[in-house]
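K.L.:
Take a look at this one; I'll ask things after.
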Amino acid sequence: MLVSCNKGDDDPRLVIITFDGLRWQELFSGADESLVGDTRFVSNPEALKAAYWRDTPEERREALMPFVWSYVPQHGYLIGNRDKESMMTVANTMNFSYPGYSEMFCGWPDDERINSNDPNPNPNTSVLEVANRDPRYKGSVMMYSSWESIRYAVNNERGGFPGCVADEKPYVNTVGARVLYEINQWQNGKTEECPDYFTYGYALETLTSAHPKVFYVGFGDPDEFAHAGEYDRYLQSLNEGDTYIRRIVETCEADPFYKGKTTYILTCDHGRGLGPKFTGHGGNIRPSRETWFIAFGKGVPVKGETTHNGPFFTKQFAATIADILGIEFTPDNGEKCEPFNPDFYKEPEAPVASASFEAVEAKPKGRGLRYTYYEGDIMSVPQMLACPVKAQGITPEFSTAVKKTEDHFGIVFEGLMKIEKGGLYLLSSATDDGSIFFLDGQKLFDIDRDGGGYKGAWINLAPGYHRIQLQYWENYGGENIEIGLDGEGITYENLPASMLFYE
Ligand SMILES: [Ca+2]
Ligand SMILES: [Ca+2]
Ligand SMILES: [Zn+2]
């Protein structure tokens, strides 16, 4: 069964709600044990624990998002709890916002062209544009979002449907909307993003006064507070978001225009890093590709929290919208996706090694890696290697700890990786910014670009020493190096010092 049984229903209503960077971890398990008491990210741990800490994940999530957990299981389903083997990810490799919204509304990961958060029109066709061309929905597709770039990702201008964001004047002319706009101007002036309580207010004003058949509201506070390193305010924004959902549903279900005719779907554009890395997301932060999906209301099968299903992809969101509205939608890459079906399950394919590496002759002198440190305005590995060498030495593991400045530097690491047990491994490199990784003299991972990213490969490694080199550079902002190894009973996000030697 698909998400909906609306095929043949000529007059459906759809409410779409997104939350920027809201992790599945909090949605399904509530407050994170590793963060809720960490004073680097929480100003008053006792107060935060009193509000959201409970003994079990079920109690914690109910404390954090009481409406979602009291209402959705009786009226629909949720997918994406990886602790219960429900797997959903973005199909794009960027793991940040604009590519996430483009994927969910345009139905495919256009990594070549969609690799920036800038507020530029999307070259791809969104499913909301297609809906607004259909006579049943023309003039009845509307949106509000806290962040301005979402309006561009869904192409409301080209699609000819009203969209309002951040500091823009609202298109509904009610007293409530005018007051919200005034307060936002006084408080925030010209901004790229407004606090979610404004967007929430605009959403209710629009639903009650304009009665769109297809309404999209995009919230952004969770991502803002997480980037700011404020886990307490991040949790608070989820709790407020739960109230926004509740009020939207209560408002619709009290209105004859929507009552009993409305399907509600919710998702996020990307996940976040783990532990202290919850502040970030992006191609080099692997867990930030993990997402979730919620559907309830008209035509949605009541399955509650679903388990052991997937893998699902964020790109199926557009197909799901088309299915609910009964419109034809083919993404611009020509590849149609299936709508979400909580009963879908596909056995993961067993990994196959793409290459085999014999051990090398080596004479290790000690623990650690040799490093060469550069400084300069670096945007590629060749540029880094042409910069002056500022320092050299031995460092215990792959990290940016040897840096002498926050930005604009490069590090070349060289050494040996000792493999105890031969076999099949997933070796990976995740860096911010760019890097090239060599194994036994062979170039294995090239992510030599601003922003960096992630690459991995299943390979056979013989027991013994393997020669490794990482040529890494940092432009500006955050920086990160993770050389991961997974297989034969070990899982390392970053190779431990005990495996690393220099010659
Ligand atoms: Ca930096
Ligand atoms: Ca950076
Ligand atoms: Zn973000």
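The values are calculated or read from the model by the stated rules, or taken from the named source; none is laboratory data. Just so you know, these numbers come straight off a predicted model, no measurement behind them. A quick note on method: Cβ atoms are made from the backbone with ideal geometry, for glycine too, and the neighbour counts reach across all protein chains shown.
K.L.:
With the requirement that a residue be away from ligand 1 (no atom under 16 Å from the Cβ), assigned to a strand (DSSP E or B) and among the acidic types (Asp, Glu), what does segment 467-498 give you?
P.N.:
486
K.L.:
Taking residue 67, is it among the hydrophobic types (A, V, I, L, M, F, W, C) and surrounded by fewer than 20 Cβ atoms within 10 Å (Cβ to Cβ)? I'd like the intermediate steps shown before the answer.
P.N.:
Details: among the hydrophobic types (A, V, I, L, M, F, W, C): yes; surrounded by fewer than 20 Cβ atoms within 10 Å (Cβ to Cβ): yes.
So residue 67 passes the test.
K.L.:
I want to confirm something. Restricting to segment 440-465 and keeping residues that are surrounded by fewer than 20 Cβ atoms within 10 Å (Cβ to Cβ) and closer than 19 Å to residue 369 by Cα, which single residue is nearest to ligand 2 (Cβ to nearest atom)?
P.N.:
It comes out as 443.
K.L.:
On to the next question. Kindly indicate the residue of segment 296-345 that is hydrophobic (A, V, I, L, M, F, W, C) and assigned to a loop (DSSP other than H, G, I, E, B) and also nearest to residue 136 (Cα to Cα) among those meeting that condition.
P.N.:
So the residue we want is 327.
K.L.:
A further question on this structure: Given the options 97, 126, name the one that is among the hydroxyl-bearing types (Ser, Thr, Tyr) and either touching a Lys or Arg at 6+ places or on another chain (Cβ under 8 Å) or farther than 23 Å from residue 210 by Cβ (or both).
P.N.:
Values: 126 fails: either touching a Lys or Arg at 6+ places or on another chain (Cβ under 8 Å) or farther than 23 Å from residue 210 by Cβ (or both).
Of the residues listed, the single one that is among the hydroxyl-bearing types (Ser, Thr, Tyr) and either touching a Lys or Arg at 6+ places or on another chain (Cβ under 8 Å) or farther than 23 Å from residue 210 by Cβ (or both) is 97.
K.L.:
If you scan segment 183-200, which residues turn out to be surrounded by 21 or more Cβ atoms within 10 Å (Cβ to Cβ) and assigned to a helix (DSSP H, G or I)?
P.N.:
184, 196, 198, 199, 200
K.L.:
Something else: Considering only residues that are crowded, with 18+ Cβ neighbours inside 10 Å and away from ligand 2 (no atom under 16 Å from the Cβ), which ones fall in segment 403-417?
P.N.:
Residues satisfying the conditions are 412, 413, 415, 416, 417.
K.L.:
Going by the conditions given, is residue 98 closer than 14 Å to residue 293 by Cα, surrounded by 17 or more Cβ atoms within 10 Å (Cβ to Cβ) and touching a Ser or Thr at 6+ places or on another chain (Cβ under 7 Å)?
P.N.:
Spelling it out, it is not the case that residue 98 is closer than 14 Å to residue 293 by Cα, surrounded by 17 or more Cβ atoms within 10 Å (Cβ to Cβ) and touching a Ser or Thr at 6+ places or on another chain (Cβ under 7 Å).
K.L.:
Also, I was wondering about something else. In segment 75-87, is there at least one residue being over 21 Å from the mean Cα position of the chain (by Cα), in the same structural domain as residue 146 (by TED's automatic domain parsing) and among the aliphatic types (A, V, I, L, M)?
P.N.:
no
K.L.:
Which of the numbered conditions does residue 283 fail, given that it passes all the others? Conditions: (1) more than 16 Å from ligand 2 (Cβ to nearest atom); (2) crowded, with 24+ Cβ neighbours inside 10 Å; (3) modelled with pLDDT under 95.
P.N.:
Answer for residue 283: the failing condition is (1).
K.L.:
Continuing with this model, one more query. Within segment 475-486, how many residues are farther than 24 Å from residue 376 by Cα and at pLDDT below 95?
P.N.:
Looking only at that region, the number is 0.
K.L.:
From the list 303, 363, 346, 404, which residue is charged (D, E, K, R) and in the same structural domain as residue 212 (by TED's automatic domain parsing)?
P.N.:
Exactly one residue qualifies, and that residue is 303.
K.L.:
Same structure, new question: Considering only segment 17-31, state which residues are assigned to a loop (DSSP other than H, G, I, E, B) and touching an Asp or Glu at 6+ places or on another chain (Cβ under 7 Å).
P.N.:
20, 21, listed by residue number.
K.L.:
Has segment 226-237 got any residue that is crowded, with 21+ Cβ neighbours inside 10 Å and within 29 Å of residue 160 (Cα to Cα)?
P.N.:
No, segment 226-237 contains no residue that is crowded, with 21+ Cβ neighbours inside 10 Å and within 29 Å of residue 160 (Cα to Cα).
K.L.:
What single numbered condition from (1) more than 22 Å from residue 217 (Cβ to Cβ); (2) modelled with pLDDT of 95 or more fails to hold for residue 9?
P.N.:
Exception for residue 9: condition (2).
K.L.:
While we're looking at this one, here's another question. Give segment 231-287 a look and list any residue that's away from ligand 3 (no atom under 16 Å from the Cβ), outside any helix (DSSP H, G or I) and at positive phi, or say none.
P.N.:
Listed by number, the list holds a single entry, 260.
K.L.:
Would you point out which residue out of 72, 42, 36 is over 21 Å from residue 287 (Cβ atoms) and either more than 16 Å from ligand 1 (Cβ to nearest atom) or buried (at least 23 other Cβ atoms within 10 Å of the Cβ) (or both)?
P.N.:
That would be 72, the only listed residue that is over 21 Å from residue 287 (Cβ atoms) and either more than 16 Å from ligand 1 (Cβ to nearest atom) or buried (at least 23 other Cβ atoms within 10 Å of the Cβ) (or both).
K.L.:
Ok, one more. What single numbered condition from (1) touching a residue at least 40 places away in the same chain (Cβ under 8 Å); (2) surrounded by fewer than 20 Cβ atoms within 10 Å (Cβ to Cβ) fails to hold for residue 245?
P.N.:
All conditions are met except number (2).
K.L.:
Can you tell me which residue within segment 466-499, out of those that are within 14 Å of ligand 2 (Cβ to nearest atom) and among the hydrophobic types (A, V, I, L, M, F, W, C), is surrounded by the fewest Cβ atoms within 10 Å (Cβ to Cβ)?
P.N.:
Selected residue: 481.
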